[in-house]
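The values are calculated or read from the model by the stated rules, or taken from the named source; none is laboratory data. What you are looking at is a predicted structure, and each value in this text was computed from that prediction instead of being measured. All Cβ positions, even for glycine, are placed from backbone atoms using ideal geometry, and neighbour counts span all protein chains on display.
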């Protein structure tokens, strides 16, 4: 039986959208919330994967972005571009585990989000 397991993470970062014709072209910051969902079978211990292992993997991926200027990493750091990049990095980091990435959902603030399905 396949099960899906999710864990939530937050990080803070600033960005500007240079190709955007509005006030978001100026430097501003957000608290981002990332929900990572993996899927897999139960192991011998009755877990899909240990929550601590997911935390370790995702925090390693998020560490370079937390409290940084996203434009240093992305030419146009929209929530869509950041979510796509995070999903690719997390998917790669999960390759040697018993689970696969199902989706990442990235909130920019509390009301706007994008979800990437792998």
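Things to note:
- Some residue of region 108-116 being within 23 Å of residue 2 (Cβ to Cβ) and in contact with a strand residue (DSSP E or B) (Cβ under 7 Å, 6 or more places away or on another chain): yes
- Matching option when the condition is assigned to a strand (DSSP E or B) and crowded, with 16+ Cβ neighbours inside 10 Å, among 115, 39: 39
- Checklist (1) touching a residue at least 40 places away in the same chain (Cβ under 8 Å); (2) surrounded by 13 or more Cβ atoms within 10 Å (Cβ to Cβ); (3) out of contact with any helix residue (DSSP H, G or I) (no Cβ under 8 Å at 6 or more places or on another chain); (4) closer than 29 Å to residue 100 by Cβ applied to residue 58, failing item: (3)
- Only one entry in 102, 32 is at pLDDT 95 or above and over 24 Å from residue 2 (Cα atoms), namely 32.
- In the condition set (1) outside any loop (DSSP other than H, G, I, E, B); (2) within 11 Å of the chain's Cα centre (by Cα), residue 54 is compliant with all but (2).
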